[in-house]
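The values are calculated or read from the model by the stated rules, or taken from the named source; none is laboratory data. Computed from a predicted structure; not experimentally measured. Virtual Cβ from ideal backbone geometry, glycine too; neighbours counted across all protein chains shown.
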Amino acid sequence: MKRLLSMAAALVCLVAAAQPNGPMPKPEDKGEGFKFTVVKELPITSVKNQASTGTCWCFSSLSFIESEAIRINKLKEADYPDLSEMFVVSHAYADKATKYIRVDGALNFAQGSSFGDLIYVLRDYGIVPNDVMPGLNYGTDRHQHGELIAGLKGYMDGILRNPNRKLSTAWHAGLEGILAAYLGPIPEKFTYKGKEYTPKSYFASLNVDLSNYIDFTSWTHLSYYEKHPVEVADNWRWEQAYNIPLEDMMAIIDNAINNGYTVAWASDVSETGFTRDGIGIVPDMDAIQKQAEQAGSDQARWVGAATAGQRPTFNKPVPELTITPELRQQGYEEKNTTDDHGMQIYGIAKDQNGNKYYMVKNSWGETGKYKGLWYVSEAYVRYKTMDFMVHKDAIPKDIQKKLGIK
């Protein structure tokens, strides 16, 4: 692997900047560099900040569900939902603990998880607004789970040793007490905007049918148009996804955006081309060097020079690698493509040269040139997508037929 990871998604998720949430900024480009024209842009809620946590899986997939509620209910911006990530995370930690004991600790008990985890929590437990359970009970105004996960893991490993030779009836209540102390108690009932709800009745009010959501991967070592477990350590619920050819993967994402559906997107953001200034590309460094030489300039004209330990910044559109299924698979097998980060694709744009980019909402706060939003090239999405989730109606009819989906 490119990194020593005990929890692949969590460590990359921890690079978030501490930025305040605010009104949704509109991406725009000023001066030299990349210049983007929006082709299709779908409604999203405000950029959030997962801060020092590995819970990108929850921030991205819950943002996706918020957009689905907007689409389904035709909500105006004043009525956009703001759902509690920490309600989901608390339930996920609690359920993960139960499985951790059942499989004798042979499970990645860490902060990361999968899109399927969110679906499970929404279906079995419901959801609450963020105002009801912000999850900040530990003396800071930003999410910070290092102490929490260390405490949970130590507690669970103590239980796993089973010193009484028989588990008591109290251990799970003890775990729930830790979670409540850090993230707040799970509300049984609450009042929101003058109406009383339970978590399940509040989720029902969003009118989101969870049976409509499907996860996809695209790998050559798996049979196509069949379901397989998502093969990452964080998939502790053992979620399955349809494996499809690369061209079908891209066709689904494009069809979704063009027809009003956003995409929950799991990707690798440890690549040099995924900059901290809102750009995600797959630079062809040989072609870039050749262009620079032909232009009579050094490479820094095309790729900004980086100091030690920093990524280069790309000054304008550059040649990118041609991504094939074989190249995708090579990255996966060599552990250059890993399960780093979850985000939400909500639009399509083009740069000044006509190249297609996907508009991506991140959860690192309002950071970077586009205030928490990214422009990610088609090549990057082809190359570094781990899996993604969409509404089944976003799938082109011919692919639905191949999958046997109605």
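For (1) within 24 Å of PRO43 (Cβ to Cβ); (2) among the aromatic types (Phe, Trp, Tyr); (3) free of Cβ contacts under 8 Å to residues at least 60 places away in the same chain, each residue gets a yes or a no:
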{"site": "TYR202", "(1), (2), (3)": "yes, yes, no"}
{"site": "ASP215", "(1), (2), (3)": "yes, no, no"}
{"site": "ASP234", "(1), (2), (3)": "no, no, no"}
{"site": "ILE244", "(1), (2), (3)": "no, no, no"}
{"site": "ALA256", "(1), (2), (3)": "yes, no, no"}
{"site": "GLY260", "(1), (2), (3)": "yes, no, no"}
{"site": "ALA266", "(1), (2), (3)": "yes, no, no"}
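Please specify each residue of segment 86-131 satisfying the condition of being β-branched (Val, Ile, Thr), touching a residue at least 24 places away in the same chain (Cβ under 8 Å) and farther than 20 Å from PHE64 by Cα.
Taking segment 86-131 as the starting set, the residues that turn out to be β-branched (Val, Ile, Thr) are 88-89, 98, 101, 103, 119, 121, 127-128.
Narrowing the set further to residues that are touching a residue at least 24 places away in the same chain (Cβ under 8 Å) leaves 88-89, 98, 101, 119, 121, 127-128.
Within segment 86-131, THR98, ILE101 qualify.
How about segment 71-107: which of its residues are touching a Cys at 6+ places or on another chain (Cβ under 9 Å) and among the small types (Gly, Ala, Ser)?
Filtering segment 71-107 down to residues touching a Cys at 6+ places or on another chain (Cβ under 9 Å) leaves 85-86, 88-89, 92.
Selection gives ALA92 alone.
Considering (1) over 19 Å from SER114 (Cα atoms); (2) assigned to a loop (DSSP other than H, G, I, E, B), say which one GLU247 fails and leave the rest.
The one condition GLU247 does not meet is (2).
Scan segment 339-371 residue by residue and report those that are at pLDDT below 95 and within 17 Å of the chain's Cα centre (by Cα).
Those that are at pLDDT below 95 and within 17 Å of the chain's Cα centre (by Cα): ASP339, ASP340, THR367.
Could you list all residues from segment 93-109 that are within 22 Å of GLY146 (Cβ to Cβ) and touching a Phe, Trp or Tyr at 6+ places or on another chain (Cβ under 8 Å)?
Of all residues in segment 93-109, those within 22 Å of GLY146 (Cβ to Cβ) come to 93-97, 100, 105, 107-109.
Answer for segment 93-109, where residues must be within 22 Å of GLY146 (Cβ to Cβ) and touching a Phe, Trp or Tyr at 6+ places or on another chain (Cβ under 8 Å): ASP95, LYS96, ALA97, TYR100, LEU107, ASN108, PHE109.
Among the residues of segment 356-385, which ones are closer than 17 Å to PRO43 by Cα, of a type in the set (A, V, I, L, M, F, W, C) and either without any contact (Cβ under 8 Å) to a residue 60 or more places away in the chain or in contact with a Phe, Trp or Tyr (Cβ under 6 Å, 6 or more places away or on another chain) (or both)?
Passing the criteria: MET359, VAL360.
Which count do you get for residues in segment 139-169 that are in a helix (DSSP H, G or I), within 19 Å of ALA51 (Cβ to Cβ) and among the small types (Gly, Ala, Ser)?
Looking only at segment 139-169, we keep the residues that are in a helix (DSSP H, G or I), and these are 146-160.
Subset that is within 19 Å of ALA51 (Cβ to Cβ): 146-152.
Now drop any that are not among the small types (Gly, Ala, Ser), which leaves 146, 150-151.
Looking only at that region, the number is 3.
Tell me, which residue of segment 37-84 that is over 19 Å from the mean Cα position of the chain (by Cα) and among the polar types (S, T, N, Q) is farthest from LYS193 (Cα to Cα)?
Ranking the qualifying residues of segment 37-84, first place goes to THR37.
If you go through segment 44-82, how many residues are among the acidic types (Asp, Glu) and in a loop (DSSP other than H, G, I, E, B)?
As a first pass, look at segment 44-82 and keep what is among the acidic types (Asp, Glu): 66, 68, 77, 79, 82.
Checking which are in a loop (DSSP other than H, G, I, E, B) leaves us with 82.
Counting residues in segment 44-82 that are among the acidic types (Asp, Glu) and in a loop (DSSP other than H, G, I, E, B) gives 1.
Any idea which residue in segment 104-121 is surrounded by the most Cβ atoms within 10 Å (Cβ to Cβ), counting only those that are in contact with a Lys or Arg (Cβ under 7 Å, 6 or more places away or on another chain) and within 26 Å of ILE214 (Cβ to Cβ)? It would help to see each step written out before you state the result.
Step one: of segment 104-121, the residues in contact with a Lys or Arg (Cβ under 7 Å, 6 or more places away or on another chain) are 107, 109, 114, 116-117, 120.
Narrowing further to those that are within 26 Å of ILE214 (Cβ to Cβ): 107, 114, 116-117, 120.
Values: LEU107: 16, SER114: 28, GLY116: 22, ASP117: 24, TYR120: 19.
Applying the filter and picking the extreme gives SER114.
Please indicate, with yes or no, whether at least one residue in segment 170-180 is over 17 Å from ILE127 (Cα atoms), free of Cβ contacts under 8 Å to residues at least 24 places away in the same chain, among the aliphatic types (A, V, I, L, M) and part of a helix (DSSP H, G or I).
yes
Take segment 93-133 and flag every residue that is closer than 13 Å to THR53 by Cβ and in contact with a Ser or Thr (Cβ under 9 Å, 6 or more places away or on another chain).
Taking segment 93-133 first, the residues closer than 13 Å to THR53 by Cβ are 93, 110-113.
The answer is ALA110, GLN111, GLY112, SER113.
What is the number of the single condition among (1) at pLDDT below 95; (2) part of a loop (DSSP other than H, G, I, E, B); (3) farther than 30 Å from ALA170 by Cα that SER6 does not meet?
Condition (3) is where SER6 drops out.
Just checking, which of LYS200, LYS193, LYS153 is closer than 30 Å to ASN73 by Cα, of a type in the set (D, E, K, R) and surrounded by 11 or more Cβ atoms within 10 Å (Cβ to Cβ)?
The conditions single out LYS200.
Of everything in segment 68-99 that's surrounded by fewer than 23 Cβ atoms within 10 Å (Cβ to Cβ) and of a type in the set (Val, Ile, Thr), which residue is farthest from LEU210 (Cα to Cα)?
THR98
Can you name the residue in segment 234-276 that is in contact with a Pro (Cβ under 7 Å, 6 or more places away or on another chain) and at pLDDT below 95 and, of all such residues, is surrounded by the fewest Cβ atoms within 10 Å (Cβ to Cβ)?
Result: THR272.
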